[in-house]
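The values are calculated or read from the model by the stated rules, or taken from the named source; none is laboratory data. Everything numeric here is computed off the predicted structure, so don't read it as measured data. Here the Cβ positions follow ideal geometry from the backbone for every residue, glycine too, while neighbour counts run over all protein chains shown. Just the protein is used for accessible areas: all its heavy atoms, side chains included, with ligands, DNA and RNA removed. Shrake-Rupley method; radii C 1.70, N 1.55, O 1.52, S 1.80 Å.
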Amino acid sequence: MNHTVEKIGGTSMSAYDAVMDNIFLYPSNPYNRIFVVSAYAGITDALLECKRSGKPGIYRLLAANNPKWRDAMDELEQRMLLINSNMFPDPVYRERADNFIRQRMEKAHSCIEGILETCNYGQFSLESYLPQVREFLSSIGEAHSAHNSTLLLESVGINSRFVDLSGWDNPDEGKGDLNTVIANAMEDIDFSTELPIVTGYVYCDEGLMKTYDRGYSEMTFSRIAVLTKASCAVIHKEYHLSSADPRIVGPERVQPMGLSNYDVADQLANLGMEAIHPNAASGMRAVGIELVVKNTFEPEHAGTVISHKYRPKDKEIEIIAGRDKVLALHIFDQSMVGHVDQVSYDVMEIIREENVQLISKEMNANSITYYLDGKTASQDKVISRVENLYPKAKITGEMVALISVIGSRIDSNQTMSKGMLALLDAEINPKAAHSSMRDVDVQYVVLDKFYHASICALHACFIEEPTPKPTIRAA
(Lines give C-alpha, C1' and ligand atoms only; values in the text may rest on other atoms or scores of the structure.)
Protein backbone atom coordinates (compact mmCIF):
# COMPACT_ATOMS: atom_id res chain seq x y z
CA MET A 1 0.00 0.00 0.00
CA ASN A 2 1.16 3.59 -0.59
CA HIS A 3 -1.10 5.39 1.88
CA THR A 4 -0.14 6.85 5.25
CA VAL A 5 -2.01 6.83 8.56
CA GLU A 6 -1.67 10.10 10.47
CA LYS A 7 -2.71 11.14 13.97
CA ILE A 8 -3.23 14.74 15.06
CA GLY A 9 -2.72 15.54 18.74
CA GLY A 10 -5.22 17.55 20.79
CA THR A 11 -3.17 20.75 21.11
CA SER A 12 -2.55 20.73 17.37
CA MET A 13 -6.25 20.12 16.66
CA SER A 14 -7.05 23.37 18.48
CA ALA A 15 -4.92 25.28 15.96
CA TYR A 16 -7.59 24.92 13.25
CA ASP A 17 -5.95 27.00 10.53
CA ALA A 18 -2.55 25.38 10.98
CA VAL A 19 -4.08 21.90 10.83
CA MET A 20 -5.90 22.76 7.60
CA ASP A 21 -2.95 24.46 5.88
CA ASN A 22 -0.03 22.44 7.26
CA ILE A 23 -1.53 18.95 7.54
CA PHE A 24 -4.78 18.33 5.65
CA LEU A 25 -3.80 20.38 2.60
CA TYR A 26 -0.04 19.79 2.77
CA PRO A 27 1.16 18.56 0.36
CA SER A 28 -1.37 19.63 -2.26
CA ASN A 29 -2.88 16.15 -2.83
CA PRO A 30 -4.80 15.27 0.34
CA TYR A 31 -5.70 11.68 -0.59
CA ASN A 32 -4.03 8.33 0.12
CA ARG A 33 -4.06 9.28 3.79
CA ILE A 34 -6.13 8.26 6.80
CA PHE A 35 -6.44 10.71 9.68
CA VAL A 36 -7.09 9.74 13.29
CA VAL A 37 -7.96 12.81 15.35
CA SER A 38 -7.77 13.56 19.04
CA ALA A 39 -10.26 15.73 20.88
CA TYR A 40 -9.53 19.45 21.01
CA ALA A 41 -7.16 20.50 23.79
CA GLY A 42 -8.71 20.14 27.23
CA ILE A 43 -11.97 18.53 26.10
CA THR A 44 -11.17 15.00 27.28
CA ASP A 45 -9.92 16.47 30.57
CA ALA A 46 -13.30 18.17 30.99
CA LEU A 47 -15.14 14.94 30.12
CA LEU A 48 -13.10 12.70 32.46
CA GLU A 49 -10.46 14.39 34.63
CA CYS A 50 -7.37 16.51 34.04
CA LYS A 51 -4.56 14.20 33.05
CA ARG A 52 -1.94 16.28 34.88
CA SER A 53 -3.63 17.84 37.90
CA GLY A 54 -6.39 15.30 38.47
CA LYS A 55 -9.05 18.06 38.54
CA PRO A 56 -12.38 16.26 38.19
CA GLY A 57 -14.34 16.44 34.97
CA ILE A 58 -17.87 15.20 34.33
CA TYR A 59 -16.97 11.56 34.93
CA ARG A 60 -15.15 12.15 38.23
CA LEU A 61 -17.94 14.38 39.53
CA LEU A 62 -20.49 11.74 38.64
CA ALA A 63 -18.41 8.96 40.23
CA ALA A 64 -18.23 11.03 43.44
CA ASN A 65 -22.03 11.47 43.33
CA ASN A 66 -21.50 15.22 43.00
CA PRO A 67 -24.54 16.88 41.37
CA LYS A 68 -22.24 19.49 39.82
CA TRP A 69 -21.68 17.06 36.94
CA ARG A 70 -24.76 18.59 35.30
CA ASP A 71 -23.28 22.10 35.47
CA ALA A 72 -19.99 20.73 34.14
CA MET A 73 -21.83 19.17 31.23
CA ASP A 74 -23.61 22.42 30.37
CA GLU A 75 -20.34 24.34 30.58
CA LEU A 76 -18.59 21.86 28.31
CA GLU A 77 -21.36 22.03 25.72
CA GLN A 78 -21.00 25.82 25.60
CA ARG A 79 -17.25 25.45 25.26
CA MET A 80 -17.66 23.06 22.32
CA LEU A 81 -20.16 25.38 20.66
CA LEU A 82 -17.66 28.22 21.04
CA ILE A 83 -15.08 26.09 19.21
CA ASN A 84 -17.61 25.63 16.41
CA SER A 85 -18.24 29.38 16.31
CA ASN A 86 -14.53 30.07 15.87
CA MET A 87 -14.13 27.38 13.21
CA PHE A 88 -17.13 27.99 10.97
CA PRO A 89 -17.81 31.51 9.70
CA ASP A 90 -20.34 30.00 7.27
CA PRO A 91 -23.65 29.79 9.20
CA VAL A 92 -24.77 26.65 7.32
CA TYR A 93 -21.71 24.63 8.35
CA ARG A 94 -21.80 26.07 11.84
CA GLU A 95 -25.41 25.00 12.28
CA ARG A 96 -24.53 21.46 11.18
CA ALA A 97 -21.64 21.36 13.62
CA ASP A 98 -23.76 22.77 16.47
CA ASN A 99 -26.63 20.35 15.86
CA PHE A 100 -24.24 17.40 15.93
CA ILE A 101 -22.68 18.22 19.29
CA ARG A 102 -25.97 19.32 20.87
CA GLN A 103 -27.51 15.95 19.99
CA ARG A 104 -24.50 14.06 21.38
CA MET A 105 -24.51 15.98 24.63
CA GLU A 106 -28.29 15.68 25.00
CA LYS A 107 -28.13 11.91 24.51
CA ALA A 108 -25.23 11.60 26.97
CA HIS A 109 -27.09 13.65 29.57
CA SER A 110 -30.25 11.59 29.09
CA CYS A 111 -28.30 8.34 29.36
CA ILE A 112 -26.64 9.35 32.63
CA GLU A 113 -29.93 10.52 34.12
CA GLY A 114 -31.46 7.17 33.16
CA ILE A 115 -28.64 5.31 34.90
CA LEU A 116 -29.06 7.42 38.04
CA GLU A 117 -32.79 6.76 38.01
CA THR A 118 -32.15 3.01 37.73
CA CYS A 119 -29.70 3.20 40.63
CA ASN A 120 -32.45 4.48 42.91
CA TYR A 121 -33.47 0.82 43.17
CA GLY A 122 -31.51 -1.25 45.64
CA GLN A 123 -30.58 -3.99 43.17
CA PHE A 124 -28.49 -1.57 41.07
CA SER A 125 -25.40 0.49 41.91
CA LEU A 126 -23.78 3.38 40.05
CA GLU A 127 -20.36 1.82 40.51
CA SER A 128 -21.25 -1.08 38.23
CA TYR A 129 -22.15 1.34 35.40
CA LEU A 130 -19.14 3.65 35.73
CA PRO A 131 -16.82 1.76 33.32
CA GLN A 132 -19.40 2.05 30.52
CA VAL A 133 -20.05 5.71 31.38
CA ARG A 134 -16.32 6.44 31.14
CA GLU A 135 -16.21 4.73 27.75
CA PHE A 136 -19.05 6.69 26.15
CA LEU A 137 -18.06 10.02 27.70
CA SER A 138 -14.51 9.69 26.38
CA SER A 139 -15.83 9.17 22.84
CA ILE A 140 -17.59 12.54 22.66
CA GLY A 141 -14.42 14.62 22.27
CA GLU A 142 -13.08 12.72 19.26
CA ALA A 143 -16.50 12.57 17.62
CA HIS A 144 -16.73 16.36 17.91
CA SER A 145 -13.30 17.02 16.39
CA ALA A 146 -13.65 14.38 13.65
CA HIS A 147 -17.07 15.64 12.57
CA ASN A 148 -15.85 19.24 12.52
CA SER A 149 -12.77 18.30 10.49
CA THR A 150 -14.92 16.48 7.96
CA LEU A 151 -17.16 19.55 7.57
CA LEU A 152 -14.14 21.85 7.16
CA LEU A 153 -12.69 19.65 4.42
CA GLU A 154 -16.07 19.42 2.71
CA SER A 155 -16.29 23.23 2.73
CA VAL A 156 -13.09 23.48 0.63
CA GLY A 157 -14.10 20.74 -1.81
CA ILE A 158 -12.27 17.74 -0.32
CA ASN A 159 -14.10 14.42 -0.56
CA SER A 160 -13.84 13.48 3.11
CA ARG A 161 -15.69 10.87 5.17
CA PHE A 162 -16.57 11.04 8.87
CA VAL A 163 -15.70 7.58 10.22
CA ASP A 164 -17.41 7.41 13.60
CA LEU A 165 -16.14 4.33 15.43
CA SER A 166 -17.71 5.31 18.74
CA GLY A 167 -20.73 3.04 18.20
CA TRP A 168 -22.94 5.89 19.34
CA ASP A 169 -25.83 5.71 16.90
CA ASN A 170 -25.38 2.07 15.90
CA PRO A 171 -23.88 -0.12 18.65
CA ASP A 172 -24.02 -3.12 16.30
CA GLU A 173 -21.14 -1.55 14.36
CA GLY A 174 -18.98 -1.93 17.48
CA LYS A 175 -19.52 -5.66 17.84
CA GLY A 176 -16.21 -7.48 17.79
CA ASP A 177 -12.71 -6.78 18.99
CA LEU A 178 -10.72 -3.67 18.06
CA ASN A 179 -9.25 -5.24 14.93
CA THR A 180 -12.63 -6.42 13.65
CA VAL A 181 -14.35 -3.06 14.16
CA ILE A 182 -11.54 -1.20 12.36
CA ALA A 183 -11.35 -3.70 9.49
CA ASN A 184 -15.11 -3.50 8.91
CA ALA A 185 -15.05 0.31 8.89
CA MET A 186 -12.19 0.53 6.38
CA GLU A 187 -13.12 -2.20 3.90
CA ASP A 188 -15.19 -0.07 1.49
CA ILE A 189 -13.08 3.12 1.49
CA ASP A 190 -11.04 3.99 -1.59
CA PHE A 191 -8.16 5.97 -0.07
CA SER A 192 -7.15 7.35 -3.48
CA THR A 193 -10.40 9.29 -3.87
CA GLU A 194 -11.73 9.68 -0.33
CA LEU A 195 -10.16 11.13 2.82
CA PRO A 196 -11.27 9.30 6.01
CA ILE A 197 -11.38 11.28 9.27
CA VAL A 198 -11.54 8.68 12.03
CA THR A 199 -12.49 9.09 15.69
CA GLY A 200 -9.65 8.28 18.07
CA TYR A 201 -12.07 6.34 20.24
CA VAL A 202 -13.40 2.93 19.08
CA TYR A 203 -16.32 1.09 20.68
CA CYS A 204 -15.25 -2.56 20.83
CA ASP A 205 -15.59 -5.69 22.93
CA GLU A 206 -12.49 -5.17 25.06
CA GLY A 207 -13.39 -1.58 26.02
CA LEU A 208 -10.71 0.76 24.67
CA MET A 209 -10.68 3.10 27.67
CA LYS A 210 -10.71 0.22 30.15
CA THR A 211 -7.80 -1.47 28.39
CA TYR A 212 -5.57 1.47 27.41
CA ASP A 213 -6.96 4.41 29.41
CA ARG A 214 -5.88 7.77 27.95
CA GLY A 215 -3.60 6.11 25.37
CA TYR A 216 -6.60 4.75 23.45
CA SER A 217 -6.39 7.08 20.43
CA GLU A 218 -2.81 5.96 19.75
CA MET A 219 -3.97 2.35 19.81
CA THR A 220 -6.62 3.20 17.21
CA PHE A 221 -3.98 4.93 15.10
CA SER A 222 -1.57 2.00 15.41
CA ARG A 223 -4.10 -0.72 14.59
CA ILE A 224 -5.38 1.19 11.54
CA ALA A 225 -1.80 1.49 10.28
CA VAL A 226 -1.16 -2.23 10.77
CA LEU A 227 -4.48 -3.52 9.44
CA THR A 228 -4.49 -1.32 6.33
CA LYS A 229 -0.79 -2.04 5.67
CA ALA A 230 0.19 1.63 5.68
CA SER A 231 3.49 2.65 4.15
CA CYS A 232 4.18 4.99 7.07
CA ALA A 233 2.59 6.28 10.28
CA VAL A 234 2.78 9.96 11.22
CA ILE A 235 2.00 11.78 14.47
CA HIS A 236 1.53 15.54 14.30
CA LYS A 237 2.35 17.35 17.55
CA GLU A 238 2.68 20.98 18.56
CA TYR A 239 6.44 20.55 18.96
CA HIS A 240 9.33 18.51 17.57
CA LEU A 241 10.46 15.38 19.36
CA SER A 242 13.50 17.18 20.66
CA SER A 243 16.68 16.52 22.62
CA ALA A 244 14.92 17.76 25.80
CA ASP A 245 11.76 19.51 26.87
CA PRO A 246 12.08 23.04 25.41
CA ARG A 247 9.96 24.42 28.26
CA ILE A 248 12.73 23.37 30.67
CA VAL A 249 15.94 23.77 28.69
CA GLY A 250 14.80 26.59 26.39
CA PRO A 251 13.65 26.31 22.75
CA GLU A 252 16.87 27.83 21.46
CA ARG A 253 18.98 25.08 23.06
CA VAL A 254 17.12 21.95 21.97
CA GLN A 255 17.25 20.27 18.58
CA PRO A 256 14.99 17.74 16.79
CA MET A 257 16.14 14.16 17.29
CA GLY A 258 15.89 13.40 13.56
CA LEU A 259 16.32 9.62 13.64
CA SER A 260 15.77 7.08 16.40
CA ASN A 261 14.30 3.65 17.09
CA TYR A 262 11.49 2.03 19.04
CA ASP A 263 13.75 1.20 22.00
CA VAL A 264 14.09 4.92 22.64
CA ALA A 265 10.35 5.46 22.17
CA ASP A 266 9.67 2.82 24.85
CA GLN A 267 12.01 4.51 27.33
CA LEU A 268 10.29 7.85 26.72
CA ALA A 269 6.88 6.27 27.26
CA ASN A 270 8.00 4.84 30.58
CA LEU A 271 8.86 8.36 31.69
CA GLY A 272 5.51 9.75 30.56
CA MET A 273 7.07 11.64 27.63
CA GLU A 274 5.27 9.62 25.02
CA ALA A 275 6.29 9.68 21.41
CA ILE A 276 3.70 6.90 21.21
CA HIS A 277 1.98 4.54 23.65
CA PRO A 278 4.22 1.43 24.05
CA ASN A 279 1.41 -0.98 23.16
CA ALA A 280 0.74 1.01 20.01
CA ALA A 281 4.42 1.05 19.12
CA SER A 282 4.79 -2.72 19.48
CA GLY A 283 2.23 -3.43 16.75
CA MET A 284 3.92 -1.18 14.19
CA ARG A 285 7.36 -2.36 15.20
CA ALA A 286 6.34 -5.98 14.61
CA VAL A 287 5.34 -5.37 10.98
CA GLY A 288 8.08 -2.85 10.20
CA ILE A 289 6.05 0.38 9.92
CA GLU A 290 8.14 3.45 10.57
CA LEU A 291 6.75 6.22 12.77
CA VAL A 292 7.37 9.88 11.95
CA VAL A 293 6.80 12.56 14.60
CA LYS A 294 6.26 15.96 12.95
CA ASN A 295 5.77 19.51 14.15
CA THR A 296 2.36 20.84 13.07
CA PHE A 297 3.76 24.35 12.65
CA GLU A 298 6.75 23.34 10.50
CA PRO A 299 5.27 21.15 7.75
CA GLU A 300 8.36 21.38 5.56
CA HIS A 301 10.54 19.83 8.30
CA ALA A 302 11.04 16.07 7.96
CA GLY A 303 10.53 15.57 11.71
CA THR A 304 11.90 12.58 13.61
CA VAL A 305 11.75 9.08 12.13
CA ILE A 306 11.43 6.19 14.59
CA SER A 307 12.47 3.01 12.85
CA HIS A 308 12.68 -0.63 13.91
CA LYS A 309 15.88 -0.90 11.84
CA TYR A 310 17.85 2.08 13.12
CA ARG A 311 21.04 1.16 14.97
CA PRO A 312 23.65 3.93 14.76
CA LYS A 313 27.28 3.12 14.12
CA ASP A 314 28.47 5.74 16.58
CA LYS A 315 27.44 5.74 20.21
CA GLU A 316 25.56 8.95 20.86
CA ILE A 317 23.01 10.51 23.19
CA GLU A 318 19.72 11.47 21.54
CA ILE A 319 17.54 12.88 24.31
CA ILE A 320 17.48 13.88 27.98
CA ALA A 321 14.07 13.07 29.46
CA GLY A 322 12.71 12.91 32.97
CA ARG A 323 9.80 12.53 35.31
CA ASP A 324 9.28 14.51 38.50
CA LYS A 325 7.06 13.95 41.55
CA VAL A 326 7.94 10.27 41.72
CA LEU A 327 7.55 8.43 45.01
CA ALA A 328 10.64 6.42 46.00
CA LEU A 329 9.26 3.73 48.31
CA HIS A 330 12.18 2.13 50.17
CA ILE A 331 11.80 -1.08 52.17
CA PHE A 332 14.65 -2.30 54.38
CA ASP A 333 14.38 -5.53 56.37
CA GLN A 334 17.33 -7.58 57.60
CA SER A 335 15.18 -10.73 57.46
CA MET A 336 14.54 -10.17 53.75
CA VAL A 337 17.77 -11.95 52.82
CA GLY A 338 16.82 -14.99 50.76
CA HIS A 339 13.17 -13.90 50.53
CA VAL A 340 13.40 -10.85 48.28
CA ASP A 341 11.29 -12.46 45.55
CA GLN A 342 8.34 -13.08 47.89
CA VAL A 343 8.49 -9.55 49.27
CA SER A 344 8.65 -8.17 45.75
CA TYR A 345 5.61 -10.23 44.72
CA ASP A 346 3.55 -9.08 47.73
CA VAL A 347 4.38 -5.40 47.18
CA MET A 348 3.72 -5.59 43.45
CA GLU A 349 0.23 -6.93 44.20
CA ILE A 350 -0.43 -3.90 46.42
CA ILE A 351 0.89 -1.52 43.75
CA ARG A 352 -1.36 -3.11 41.13
CA GLU A 353 -4.46 -3.09 43.35
CA GLU A 354 -4.00 0.59 44.22
CA ASN A 355 -3.65 1.49 40.52
CA VAL A 356 -0.19 3.02 40.93
CA GLN A 357 2.33 2.84 38.10
CA LEU A 358 5.71 1.21 38.67
CA ILE A 359 8.34 3.16 36.73
CA SER A 360 11.47 1.46 37.99
CA LYS A 361 12.76 -0.81 40.75
CA GLU A 362 16.07 -1.62 42.38
CA MET A 363 16.99 -4.20 45.00
CA ASN A 364 19.79 -5.81 46.95
CA ALA A 365 19.96 -8.54 49.58
CA ASN A 366 17.87 -6.79 52.24
CA SER A 367 16.17 -3.82 50.62
CA ILE A 368 13.98 -2.87 47.67
CA THR A 369 13.19 0.58 46.27
CA TYR A 370 10.15 1.12 44.06
CA TYR A 371 9.74 4.26 41.97
CA LEU A 372 6.03 4.93 41.70
CA ASP A 373 3.78 7.39 39.89
CA GLY A 374 0.13 7.93 40.72
CA LYS A 375 -2.29 9.98 42.76
CA THR A 376 -1.08 11.03 46.19
CA ALA A 377 -3.97 9.24 47.92
CA SER A 378 -3.15 5.99 46.10
CA GLN A 379 0.55 6.29 46.92
CA ASP A 380 -0.31 6.86 50.59
CA LYS A 381 -2.42 3.69 50.56
CA VAL A 382 0.50 1.73 49.14
CA ILE A 383 2.77 2.94 51.94
CA SER A 384 0.16 2.18 54.60
CA ARG A 385 -0.52 -1.33 53.31
CA VAL A 386 3.18 -2.16 53.02
CA GLU A 387 3.74 -0.93 56.59
CA ASN A 388 0.91 -3.18 57.80
CA LEU A 389 2.26 -6.14 55.84
CA TYR A 390 5.84 -5.72 57.13
CA PRO A 391 5.58 -4.09 60.59
CA LYS A 392 9.23 -4.86 61.47
CA ALA A 393 10.66 -3.37 58.29
CA LYS A 394 11.94 0.19 57.96
CA ILE A 395 9.78 1.80 55.29
CA THR A 396 10.33 5.32 53.93
CA GLY A 397 8.82 7.38 51.13
CA GLU A 398 10.56 10.28 49.43
CA MET A 399 9.65 12.43 46.45
CA VAL A 400 12.31 12.25 43.76
CA ALA A 401 12.80 12.88 40.05
CA LEU A 402 14.09 10.37 37.50
CA ILE A 403 16.30 11.77 34.73
CA SER A 404 17.29 9.52 31.82
CA VAL A 405 20.06 9.98 29.27
CA ILE A 406 18.78 8.00 26.28
CA GLY A 407 20.10 6.88 22.93
CA SER A 408 19.60 4.05 20.44
CA ARG A 409 23.13 2.89 21.20
CA ILE A 410 25.14 4.39 24.04
CA ASP A 411 28.22 3.53 26.08
CA SER A 412 26.53 3.02 29.44
CA ASN A 413 29.70 3.12 31.53
CA GLN A 414 31.05 6.28 29.96
CA THR A 415 27.61 7.91 30.07
CA MET A 416 27.16 7.00 33.73
CA SER A 417 30.43 8.58 34.83
CA LYS A 418 30.17 11.63 32.57
CA GLY A 419 26.61 12.38 33.70
CA MET A 420 27.49 11.90 37.35
CA LEU A 421 30.29 14.45 37.06
CA ALA A 422 27.99 16.91 35.25
CA LEU A 423 25.44 16.69 38.07
CA LEU A 424 28.08 17.06 40.78
CA ASP A 425 29.51 20.09 38.95
CA ALA A 426 25.99 21.59 39.11
CA GLU A 427 25.99 20.90 42.88
CA ILE A 428 23.40 18.14 42.52
CA ASN A 429 24.12 14.97 44.47
CA PRO A 430 22.32 11.99 42.85
CA LYS A 431 20.57 9.59 45.20
CA ALA A 432 21.12 6.66 42.83
CA ALA A 433 22.04 5.83 39.25
CA HIS A 434 21.14 2.86 37.04
CA SER A 435 22.01 1.44 33.65
CA SER A 436 21.02 -1.68 31.74
CA MET A 437 22.83 -4.19 29.57
CA ARG A 438 20.80 -3.08 26.54
CA ASP A 439 22.79 0.18 26.35
CA VAL A 440 19.74 2.34 25.70
CA ASP A 441 19.59 4.55 28.79
CA VAL A 442 21.27 5.61 32.00
CA GLN A 443 18.98 6.90 34.74
CA TYR A 444 19.79 9.23 37.62
CA VAL A 445 17.65 9.66 40.73
CA VAL A 446 17.73 13.14 42.27
CA LEU A 447 15.66 15.02 44.80
CA ASP A 448 12.49 16.34 43.21
CA LYS A 449 13.55 19.98 43.67
CA PHE A 450 16.52 19.39 41.34
CA TYR A 451 14.40 18.11 38.41
CA HIS A 452 14.79 21.10 36.07
CA ALA A 453 18.40 21.80 37.03
CA SER A 454 19.37 18.16 36.41
CA ILE A 455 17.86 18.10 32.92
CA CYS A 456 19.60 21.35 32.03
CA ALA A 457 22.96 20.12 33.36
CA LEU A 458 22.79 16.80 31.50
CA HIS A 459 21.58 18.43 28.28
CA ALA A 460 24.47 20.88 28.40
CA CYS A 461 26.86 17.99 29.00
CA PHE A 462 25.67 15.56 26.34
CA ILE A 463 23.81 17.53 23.66
CA GLU A 464 24.91 21.14 23.45
CA GLU A 465 28.10 22.17 21.76
CA PRO A 466 30.68 23.31 24.30
CA THR A 467 31.35 27.02 24.19
CA PRO A 468 34.65 27.53 22.36
CA LYS A 469 37.37 29.10 24.44
CA PRO A 470 38.49 32.53 23.18
CA THR A 471 41.74 32.58 21.24
CA ILE A 472 44.48 34.52 23.04
CA ARG A 473 46.67 36.33 20.61
CA ALA A 474 50.10 37.66 21.35
CA ALA A 475 50.39 41.41 21.59
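Some points to look at:
- Two-decimal Rg/Rh across the stretch 341-380, once Rg and the Kirkwood Rh are taken from alpha-carbon atoms: 0.97
- Compactness of the stretch 73-129 - radius of gyration and Dmax, Cα, Å: 15.9, 51
- The lysine pair tally for the stretch 361-426, using Cα distances under 24 Å and a gap of 8 or more places or different chains, is 8.
- For the stretch 445-457, Karplus couplings with θ = phi - 60° (6.51, -1.76, 1.60), whole Hz, Gly/Pro x: 10, 10, 4, 4, 5, 9, 4, 5, 4, 5, 4, 5, 5
- In the chain, helices alone account for a calculated mean residue ellipticity at 222 nm of -13000 deg cm²/dmol, with every DSSP H run of four or more residues adding -39,500 (n - 2.57).
- Estimated distance in nm for a label pair at Asn355 and Lys229, the labels positioned 7 Å out from Cα along Cα-to-Cβ: 4.1 nm
- FRET efficiency, 1/(1 + (r/R0)^6) with R0 35 Å, evaluated for Thr396 and Ala183 via beta carbons: 0.10
- Whole-Hz Karplus values for the stretch 54-60 come out as x, 4, x, x, 4, 4, 5 Hz, taken residue by residue from phi with 6.51 cos²θ - 1.76 cosθ + 1.60 and θ = phi - 60°; glycine and proline positions read x.
- Residue list for the stretch 333-357, given a label point 7 angstrom along the Cα-to-Cβ vector of Lys375 and an amide N cut-off under 20 Å: 349-357
- Share of carbon and sulfur in the accessible area of the chain stands at 49%, probe radius 1.4 Å.
- Chain lengthening between Arg70 and His452 when straightened (0.36 nm per residue, less Cα-Cα): 133.6 nm
- Segment Val337-Phe124, extension gain: residue separation times 0.36 nm, minus the distance between their alpha carbons: 71.8 nm
- Pairs of Cα atoms farther than 16 Å apart, the stretch 184-283, %: 65 percent
- Solvent exposure of the stretch 324-429, expressed per residue, is 52 Å² of accessible area, with all protein chains present and a 1.4 angstrom probe.
- Each principal axis of the chain carries a Cα extent, and these read 75, 70, 42 Å when sorted largest first.
- Reachable lysines, given that their alpha-carbon falls under 22 Å from the alpha-carbon of Lys229 and they are not under 8 places away in the same chain: Lys7, Lys294, Lys309
- Inverse mean reciprocal Cα-Cα distance (Kirkwood Rh) of the stretch 26-93, Å: 14.3 Å
- Cα pair distances in the stretch 261-394, grouped into 5 Å bins until the bin that holds the longest one, percent each: 2, 9, 15, 15, 14, 12, 11, 10, 6, 4, 2, 1, 0
- Inter-probe distance in nm under a simple model that places probes 7 Å from Cα toward Cβ, at Arg311 and Asn388: 5.0 nm
- For the chain, the share of DSSP beta bridges that are antiparallel, to the nearest 5, is 60%.
- The length gained on full extension between Glu362 and Cys50, counted as 0.36 nm times the residue separation minus their Cα-Cα distance, comes to 109.2 nm.
- Considering only Cα atoms, the convex hull volume of the stretch 81-189 works out to 114 Å³ per residue.
- The alpha-carbon positions of the stretch 376-471 define a convex hull whose volume is 143 Å³ per residue.
- The value for the stretch 157-243 of Rg(Cα) / (2.2 N^0.38 Å) is 1.15.
- Other residues within the sphere of radius under 12 Å centred on the Cβ of Thr376, judged by their own Cβ, net out at 0 (K and R +1, D and E -1).
- The 3J(HN,Hα) values that the Karplus relation (6.51, -1.76, 1.60; θ = phi - 60°) gives for the stretch 294-300 are, in residue order, 10, 8, 3, 8, 9, x, 6 Hz. Gly and Pro appear as x.
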